[in-house]
Amino acid sequence: MPHVLSRLRLHHALEDRGHDNVVRVGHADRAWSDFYHHALTIRWTGFFWYTLLCYVLFNGVFALLYMTVPRQVTGTRPGVFWDYFFFSIQTFSTVGYGVMAPVGLVAHVFSACELLGGMILNAVATGLVFARFARPRARIMFSNSALIRHEQGIAHLSVRIANQRLSPILSIDTELFLSRLIVQPNGRLVRQFDPLPLVQSHIPVLRFAFSLMHVIDEGSPLHGLTIEELRKEEAEIVLTVSGTDEVSGQSVFARSAYGFDRVLYNHRFVDIIDASADGRITVDYTRFHATEGE
């Protein structure tokens, strides 16, 4: 049994750390095999440095080509790499200040090839930058803790979500699952997702904040389970949210997960929405994660 528990913890740790720490045998995830996806998901710092590296390499290669025909580019000094490098940049960007220009057949062929390649690369780079800026983001805030409390003899689980934008999110669908690592009779580990039905899973308009609630009755996967059993199975509460941004009309998605070390018992969320004296609604996001015990 201790060996099985150690495998459970290892399996869970690998899932938490993400795909970068998982070795996939028989499947190579190379950047060039899915270039567009990698270019969209890489960090902005990495995207900038990779773009700069490609830019320097591209112009450096053509600078070396122009150096092979030194007398066919006016305004350059023979053997001076930086003259040809900056001429390549002018050609690549189609600036053409007029000081340096190709005059020979071979230099004209090189510059024509660079112009074609430059237009393609500029179009790709522009499209990637636009796609990265235009990529939809939900900007949904999740409470730091999930709460389990008893009210009028009924136990329920609740999680709070909030919209961080000024514009509302429309037609939100939410799903709540109990995720557990189950040990099969043959000793194999299986990730099992049991749905936790919500009292209200569809939200027509999310302007500020909303509390999602699951009733822990006899039909609930949580019914009868102790904290020790849930922690032994590395159980988590997984929440997914999807909706439509009103301004852009794009579909947005967000998710969060709560281990049972982040579950508070007999607590409730502090109210964050108040009506001011002038009739305006005040939403205090500084109290969004705040709870109070009973």
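Observations on the structure shown:
- Shape of region 33-138, Cα gyration tensor, a/c cut at 1.5: prolate
- The GluC sites (Glu not before Pro) of region 96-201 include none that DSSP puts in a loop with a beta carbon having at most 14 other beta carbons within 10 Å.
- Backbone N under 16 Å from the Val56 label point (7 Å along Cα→Cβ), restricted to region 85-117: 85-86, 89
- Taking a point 7 Å from the Cα of Ala112 along the Cα-to-Cβ direction, none of the residues of region 51-74 has its backbone N closer than 13 Å to it.
- Residue order, fewest to most surrounding Cβ atoms within 10 angstrom, among Glu218, Glu228, Glu233: Glu218, Glu228, Glu233
- The trypsin sites (Lys or Arg not before Pro) of region 87-152 meeting both criteria, a DSSP state outside H, G, I, E and B (loop) and at most 16 other C-beta atoms within 10 angstrom of the site's C-beta, are Arg137, Arg139.
- Residue of Phe177, Phe193, Phe92 that the Gaussian network model of the chain assigns the largest fluctuation, springs spanning Cα pairs under 10 Å: Phe92
- Each Lys and Arg contributes +1 and each Asp and Glu -1, all at the Cβ; summed about the Cα centre of the chain, the dipole is approximately 1040 debye.
- Between Ser276, Ser201, Ser158, the Gaussian network model of the chain with springs among Cα atoms under 10 angstrom shows the greatest mean-square fluctuation at Ser276.
- Computed from label points 7 Å out along Cα-Cβ, the spacing between Gln192 and Tyr97 is 7.1 nm.
- Percentage relative contact order, the chain, counting C-alpha pairs under 8 Å, at least six apart: 15 percent
- Subtracting the Cα-Cα distance of Val283 and Met213 from 0.36 nm times their residue separation leaves 23.1 nm of extension gain.
- Over the chain, the ratio between the Cα radius of gyration and 2.2 N^0.38 Å evaluates to 1.52.
- When the Gaussian network model of the chain links Cα atoms closer than 10 Å, the mean-square fluctuations of Gln152, Gln250, Gln192 top out at Gln152.
- Neighbour-count ranking [beta-carbon atoms within 10 angstrom, fewest first] of Trp44, Trp49: Trp44, Trp49
- Distance from the alpha carbon centroid of region 32-81 to that of region 268-294 works out to 54 angstrom.
- Estimated vicinal HN-Hα couplings, Hz - region 40-49 in sequence order (Karplus 6.51, -1.76, 1.60; Gly, Pro = x): 7, 9, 5, 4, 4, 5, x, 4, 5, 5
- Within region 174-271, trypsin sites (Lys or Arg not before Pro) in DSSP loop having at most 11 other beta-carbon neighbours inside 10 Å: Arg188
Rule-based calculations on the coordinates, nothing more; no lab input. Note that the structure is a prediction, hence the values are computed from the model and not measured. Here the Cβ is made from the backbone with ideal geometry for all residues, glycine too, and neighbour counts use every protein chain on show.
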